[in-house]
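Single-structure report; data block below.
The values are calculated or read from the model by the stated rules, or taken from the named source; none is laboratory data. If you're wondering where the values come from, they're calculated on a predicted model, not measured in any experiment. So basically every Cβ, Gly included, is an ideal-geometry build from the backbone, and we count neighbours across all protein chains shown. Remember, those area values only see protein heavy atoms, side chains included, never the ligands or the DNA or RNA. Shrake-Rupley method; radii C 1.70, N 1.55, O 1.52, S 1.80 Å.
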Amino acid sequence: MTAVLAALAALAGCSATTSADETPQPLTDEQAGAACRRSLTELNGETASRLKQRFVAHDGDNQIRVYVSEPDEWISTCRVGAAGVEETFGGRTNVGPPDRITFYGGADAVLKAHLLVGRLPSKATSITASLPSGATLTGSTDGNLFVIWAPGTAVEGAQLTAHAADGTTVTTGTAPGLGD
């Protein structure tokens, strides 16, 4: 019975539970991925099949997944909690100057998901963000893309520093804020 309920929950994009009185169980990685794919298909239509997952970041039972379709110049994110998909949004992967940090996702990413996602400048191999709270986070990178996720913490106006392999600063930038 539990396996059947879990399978139905996964199909619905919800958490797996065994009865109405029990606490919802977090989605497995496979359930979260499947729920995101369904949500991405609703949001992106035919483009969804070309979206390749580039990042998965976890914060307890919550996670954010970042997908990119380079041929379509499109990026989509899917935020998942114990109850299933909480939010999916997408935007263009604008090119920007090769010597600067380029941000993707605009206000949806920054304000709704507490996410900084974008392209590293040429010669950069890592990136850090000094958040308005005073915390400093190191981003995840995959090729020329980066992600910094700070669930529950403001990232708008964060100061980012892109670093070369030897640790020197390549460039700095400011994350979009409320007025951008």
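Specify which of the listed residues (S19, S39) is modelled with pLDDT under 90 and either under 29 Å from T102 (Cβ atoms) or open to solvent by 20 Å² or more (accessible area, probe 1.4 Å) (or both).
S19
Among the residues of the stretch 158-176, which ones are open to solvent by 40 Å² or more (accessible area, probe 1.4 Å), touching a Lys or Arg at 6+ places or on another chain (Cβ under 8 Å) and more than 10 Å from A124 (Cβ to Cβ)?
none
Restricting attention to the stretch 42-60, which residues are under 14 Å from the mean Cα position of the chain (by Cα) and open to solvent by 10 Å² or more (accessible area, probe 1.4 Å)?
Passing the criteria: K52, Q53, R54, F55, V56, A57, H58, D59.
Which one is least open to solvent (accessible area, probe 1.4 Å), of the residues in the stretch 61-107 that are acidic (D, E) and more than 14 Å from the chain's Cα centre (by Cα)?
Looking at the filtered set, the residue picked out is D72.
Is it true that S133 is among the polar types (S, T, N, Q) and within 17 Å of the chain's Cα centre (by Cα)? Reasoning before the result, please.
On the way: among the polar types (S, T, N, Q): yes; within 17 Å of the chain's Cα centre (by Cα): no.
So S133 fails the test.
Could you check the stretch 108-127 and list, in sequence order, the residues that are among the basic types (K, R) and either buried (at least 23 other Cβ atoms within 10 Å of the Cβ) or within 20 Å of V56 (Cβ to Cβ) (or both)?
Matches in the stretch 108-127: K112, R119.
Out of all the residues in the stretch 97-134, which are closer than 25 Å to L43 by Cα and free of Cβ contacts under 8 Å to residues at least 40 places away in the same chain?
Within the stretch 97-134, T102, Y104, G105, D108, A109, K112, G118, R119 meet the criteria.
Any idea how many residues of the stretch 57-85 are assigned to a strand (DSSP E or B) and touching a residue at least 12 places away in the same chain (Cβ under 8 Å)?
20
From the set of residues in the stretch 128-157 that are under 16 Å from F103 (Cβ atoms) and polar (S, T, N, Q), which is least open to solvent (accessible area, probe 1.4 Å)?
T128
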